[in-house]
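Notes follow the structure.
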Amino acid sequence: MSYQVLARKWRPKSFSSLVGQEHVVRALEHALNEKRLHHAYLFTGTRGVGKTTIARILAKSLNCEQGISAQACGVCSACQEIDAGRFVDLLEVDAATNTRVEEMRQLLENAVYAPTRGRFKVYVIDEVHMLSSSAFNAMLKTLEEPPEHVKFILATTDPQKIPVTVLSRCLQFNLKQMTVPAIAAHLKTILVAESISAEPAALTLLARSAAGSMRDALSLLDQAIAHGAGRVEEALVRDMLGTVDLDYLFDIFAALIAGDATAMLAVADAMAQRSLSAELALQEMASLLTRVQVAQIAGAADADSLGVDAARISELAERLEIEFVQLAYQIVVHGRRDLALAPDENSGLLMTLLRLFAFRPQSRAEPVGASSLSSRSVMPASPRRLQTPGAVATSAVAENPLVSATPPQPAPAVSVSTPASALPVEDFVASVTPAVQPASARHVANEPPAAAESAVLDWHVLLTSLAVSGMARELAQHCEVRRFGASEMVLRLSSAHRHLLMRASQEKLQQVLSEHFGRALKLNVEVGDVENVTPAESARQERRERQDRAVVAIEQDGFVRAAIDLFAASPVESSIQHL
């Protein structure tokens, strides 16, 4: 017996074996079981998603000798003939080659005759959008009032070209593109049945290359089996598809983080020597950046989506800023789009990589294989100038929001022979805080230095002067200070905002705080019940109060009051905005 390709051999023969079109299957099964049958169905979707396959299964369910049901027996003569493509009452028409009105009229003239063997005469018209306007007009009357024994099943990849008069007479189902995990899982099931071993990464590559089409995926699988002499391995599949090995991309990002443009261009040159497609390289890079961003945002919660390179992707996610990943994604996507405008593909790839290098974060110049960000040393701030005791107290309030702004009390003597920056942290805090503490906080004078420093911390005021933005600022806005000492700050984040606790945001906030206080500061963020009002909640309360004041001001305005009394009106509060 001659070899039968996988796309034909494994073509679904029942609704239960269909993959990825559950929304269509559910509707058709309910209609068949309840005998609520429409006279015309329209299946739309891209190539290879199952339009013709569903049409044949539906025809089999309608004509099964065991009766109309969602589960055809598959063993009666009608079912077997439909599977073999020789059932006399199932007429499949390719509209791409039968576009003329004469052919459509001839087809419809036979519709009035009763079916020869089956219960219904089923017309399956594929690529129906290719019919001419005259052909569509010729079928309108029959499509609107067909004989009871006729069912029309139309299939198209371009429903926009079908006249609305035809669309309104059909029950329309839109078939979705298959997802990569669904395609890969189905390919694995087929290979297990065929007793062929395969690497999961190779199946993922085939599924991604299929672009949502199961038929294309099966055709590529056939090609991969032949290319690998019965083996489906990642390296062989990459070679067959011409896709870029991810090792190249990880090397590019390693050079990018290290600030080594020469090494990055050397990787691009190695790719060019292997004649790898620049477009596919940028496509793979965009996909890699997507998985990196997922690792940064979702973390371990979505580790399964990272694939076989989860460890390297997680490591890369720790080295790159969240904001830079977004920027890099846009650069890569636009670089791929602009390849057609470049002098050649290699030049377009090089310029995209150089653009990534030009916009890289300067503070992240560290190889991917280095230690984690949490162990990085923070550059100390420049030493403070020598000041008198009064000047020290005044500047501490002006420059450091950490200190309460209460009018200073007479300051104790501080030796001016030693610069403030040379004092130990505890001594420096002790020298400043007594001069600026409110009376209510003086009881901490005898406590340890860390407790004294924590007692005067005003987190709301401190955030106004910190040069922090993005997700790191969002994290800080929803926290309260639990402890603050010479080398450590502990914040508490409410459980409702747990999603803000990301490694990159915490590390960026730690870096900004360390630079602000001029010393290495370890930041820990714990999740729990917040006891005090956070800056974010304070800002929301302030906005609500300003809005309430604006509403009251509008309602008390003389002109508005006159309009309310004259027309028995009421102001729309949602239209009032505070300044």
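The values are calculated or read from the model by the stated rules, or taken from the named source; none is laboratory data. Predicted, not measured: the structure shown is a model, and the values here were computed from it. Positions of Cβ are backbone-derived with ideal geometry, glycine not excepted, and every protein chain shown enters the neighbour counts.
Please find, among Val468, Val527, the residue that is free of Cβ contacts under 8 Å to residues at least 60 places away in the same chain and surrounded by fewer than 19 Cβ atoms within 10 Å (Cβ to Cβ).
Details: Val468 fails: surrounded by fewer than 19 Cβ atoms within 10 Å (Cβ to Cβ).
Selected residue: Val527, the only one of Val468, Val527 that is free of Cβ contacts under 8 Å to residues at least 60 places away in the same chain and surrounded by fewer than 19 Cβ atoms within 10 Å (Cβ to Cβ).
Criterion first (within 24 Å of Asn63 (Cα to Cα), among the aliphatic types (A, V, I, L, M), touching a residue at least 12 places away in the same chain (Cβ under 8 Å) and not assigned by TED's automatic domain parsing to the domain that holds Arg208) does Ala111 satisfy it? So that I can check it myself, show each step before the final result.
On the way: within 24 Å of Asn63 (Cα to Cα): yes; among the aliphatic types (A, V, I, L, M): yes; touching a residue at least 12 places away in the same chain (Cβ under 8 Å): yes; not assigned by TED's automatic domain parsing to the domain that holds Arg208: yes.
It is true that Ala111 is within 24 Å of Asn63 (Cα to Cα), among the aliphatic types (A, V, I, L, M), touching a residue at least 12 places away in the same chain (Cβ under 8 Å) and not assigned by TED's automatic domain parsing to the domain that holds Arg208.
Condition test on Lys151, is it crowded, with 19+ Cβ neighbours inside 10 Å, of a type in the set (Lys, Arg), in contact (Cβ under 8 Å) with a residue 12 or more places away in the chain and touching a strand residue (DSSP E or B) at 6+ places or on another chain (Cβ under 8 Å)?
Considered against the rule, which asks whether it is crowded, with 19+ Cβ neighbours inside 10 Å, of a type in the set (Lys, Arg), in contact (Cβ under 8 Å) with a residue 12 or more places away in the chain and touching a strand residue (DSSP E or B) at 6+ places or on another chain (Cβ under 8 Å), Lys151 comes out as yes.
For the condition of a type in the set (Val, Ile, Thr) and in the same structural domain as Ala210 (by TED's automatic domain parsing), what is the one hit in Ile125, Ile82, Ile153, Ile196?
On the way: Ile125 fails: in the same structural domain as Ala210 (by TED's automatic domain parsing); Ile82 fails: in the same structural domain as Ala210 (by TED's automatic domain parsing); Ile153 fails: in the same structural domain as Ala210 (by TED's automatic domain parsing).
Among Ile125, Ile82, Ile153, Ile196, only Ile196 is of a type in the set (Val, Ile, Thr) and in the same structural domain as Ala210 (by TED's automatic domain parsing).
What is the one condition in (1) over 28 Å from Val294 (Cα atoms); (2) modelled with pLDDT of 90 or more; (3) assigned to a helix (DSSP H, G or I) that Ala476 does not satisfy?
Exception for Ala476: condition (1).
Please tell me if Arg492 is buried (at least 18 other Cβ atoms within 10 Å of the Cβ), free of Cβ contacts under 8 Å to residues at least 40 places away in the same chain and not in a loop (DSSP other than H, G, I, E, B).
The answer is yes for Arg492.
Could you please give the count of residues in region 121-168 that are in a loop (DSSP other than H, G, I, E, B) and of a type in the set (S, T, N, Q)?
Of the residues in region 121-168, the ones in a loop (DSSP other than H, G, I, E, B) are 127, 131-132, 145-149, 157-158, 162-163, 168.
Subsequent filtering for residues that are of a type in the set (S, T, N, Q) retains 132, 157, 168.
Number satisfying all stated conditions: 3.
I'd like the residue in region 528-578 that is part of a helix (DSSP H, G or I) and among the hydroxyl-bearing types (Ser, Thr, Tyr) and, out of all such residues, is nearest to Cys479 (Cα to Cα).
Among those that are part of a helix (DSSP H, G or I) and among the hydroxyl-bearing types (Ser, Thr, Tyr), it is Ser538.
Would you pick out the residues in region 19-43 that are buried (at least 18 other Cβ atoms within 10 Å of the Cβ) and within 31 Å of the chain's Cα centre (by Cα)?
Answer for region 19-43, where residues must be buried (at least 18 other Cβ atoms within 10 Å of the Cβ) and within 31 Å of the chain's Cα centre (by Cα): Gly20, Gln21, Val24, Val25, Phe43.
Looking at (1) under 37 Å from the mean Cα position of the chain (by Cα); (2) at pLDDT 85 or above; (3) farther than 21 Å from Glu318 by Cα, can you tell me which one Ala467 breaks?
Looking at each condition in turn, Ala467 falls short on (2).
Among the listed residues Ala114, Ala207, which satisfies the condition of being buried (at least 17 other Cβ atoms within 10 Å of the Cβ), out of contact with any Phe, Trp or Tyr (no Cβ under 8 Å at 6 or more places or on another chain) and of a type in the set (A, V, I, L, M)?
Criteria check complete, one pass: Ala207.
Within the bounds of region 213-235, is there any residue that is outside any helix (DSSP H, G or I) and closer than 23 Å to Val292 by Cα? First the steps, then the outcome.
Of region 213-235, the ones outside any helix (DSSP H, G or I) are 213, 228-233.
With closer than 23 Å to Val292 by Cα added as a condition, the list becomes none.
There is no residue in region 213-235 that is outside any helix (DSSP H, G or I) and closer than 23 Å to Val292 by Cα.
Can you spot a residue in region 132-151 that is modelled with pLDDT of 90 or more and within 27 Å of the chain's Cα centre (by Cα)?
No, region 132-151 contains no residue that is modelled with pLDDT of 90 or more and within 27 Å of the chain's Cα centre (by Cα).
Across region 176-185, which residue is nearest to Pro200 (Cα to Cα) among those that are touching a helix residue (DSSP H, G or I) at 6+ places or on another chain (Cβ under 6 Å) and modelled with pLDDT of 90 or more?
If we take residues in region 176-185 being touching a helix residue (DSSP H, G or I) at 6+ places or on another chain (Cβ under 6 Å) and modelled with pLDDT of 90 or more, then Ala184 is nearest to Pro200 (Cα to Cα).
Are any residues in region 44-77 surrounded by fewer than 14 Cβ atoms within 10 Å (Cβ to Cβ) and among the small types (Gly, Ala, Ser), and if so, which ones?
Matches in region 44-77: Gly67, Ser77.
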